[in-house]
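All remarks here apply to the structure that follows.
Here, each number is a calculation from the coordinates, and none is a lab measurement. Not measured: the values here are computed from a predicted model. Using ideal geometry, Cβ is built from the backbone for each residue, glycine included, and neighbour counts are taken over all protein chains shown.
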Ligand SMILES: [Zn+2]
């Protein structure tokens, strides 16, 4: 080997080493970490790895307390139990998806507010119904609705809304102000047709004159209930949602919400008559009737509405936001 060739080879070797050394210092790479140069044909076959879309719901944790037993669940799994507890099998996919968004929003807002010290309960009248018993076929349907709406929540002015819902309204929902006295811009009365298939769409409570008097006098001793029972009831005023706002009983004005409690009525949407010596209350709808009607949502879905349209109808002014 000639001197010239050796010198040339050394120069080539140095030329190769310098970038490696520079790389070693700058990139803090060890020699063994220098990426290999792949032959062209191999490089062409390298494709971007297919990454599955990460489920936002699966990464959130919900604390749940059922019958005194506390547990920790991924939000996605908790929502399966909520939907199974809240909805009957056979509901339309769009109604289930709308319920998934409402339930997710309700859950996150409750957690944000530290309700029950951070542990949600499974009482439908307090937090949300929840059941661990879900058959495989129904579970697959619910999981689809949850995945479809992954991370989607309802907001108003940047805050999670109070996403209330209930079984059925009897034809029109109620505004929050009519039930709790405070205006909530997205919880207002809206029409809710097509709920007739709901199991508690209509109800009836009968009460003798004596029982009626006893119940009212316990709560309102100042009520004047003497003489003919037919004359005990006076003027009635109604809410925008078709519920009884207040009713005059023995010259005392009693709120419809209070009448619902006293007589165990399905809702404040009631008519009453005095028939055959008995007071008869006939109710429409079940629950507080504020927010989304589950059977109304299903009726909308049967008519072709999307889950977004259902939410827009029952929570007017609220907007959808995707968590990421
Ligand atoms: Zn609760």
Original post:
Cα centroid distance between the range 105-140 and the range 264-314, in Å?
Top reply: 22
Original post:
So what is the relative contact order for the range 53-145, in percent, with contacts set as C-alpha pairs under 8 Å and at least six apart?
Top reply: 34
Subject >> Two-decimal log10 I(q)/I(0) for the range 214-277, as the Debye equation yields it once each C-alpha is a single scatterer, q = 0.30 Å⁻¹ >> reply: -1.45
Subject >> Relative packing of 69-79, 132-142, 305-315, which averages over residues the other C-beta atoms within 10 Å, highest first >> reply: 305-315, 69-79, 132-142
Original post:
Under a plain spin-label model, where a point goes 7 Å from the Cα along Cα-to-Cβ, how far apart in nm are residue 273 and residue 319?
Top reply: 5.0
Subject >> Alpha carbon centroid spacing (whole Å) that separates the range 63-99 from the range 177-221 >> reply: 27
Original post:
Computed on alpha carbon atoms, what radius of gyration and Dmax characterise the range 176-223, expressed in Å?
Top reply: 17.1, 42
**OP:** Which order do the peptides 89-98, 294-303, 202-211 take when ranked by the mean count of other beta-carbon atoms within 10 Å per residue, highest first?
**Re:** 294-303, 89-98, 202-211
Original post:
Between residue 202 and residue 302, what FRET efficiency comes out of the Förster formula 1/(1 + (r/R0)^6) with R0 = 25 Å and r the beta carbon distance, rounded to 0.05?
Top reply: 0.80
**OP:** Report the relative contact order of the range 202-284, percent, no decimals, based on alpha-carbon pairs under 8 angstrom and at least 6 residues apart.
**Re:** 35
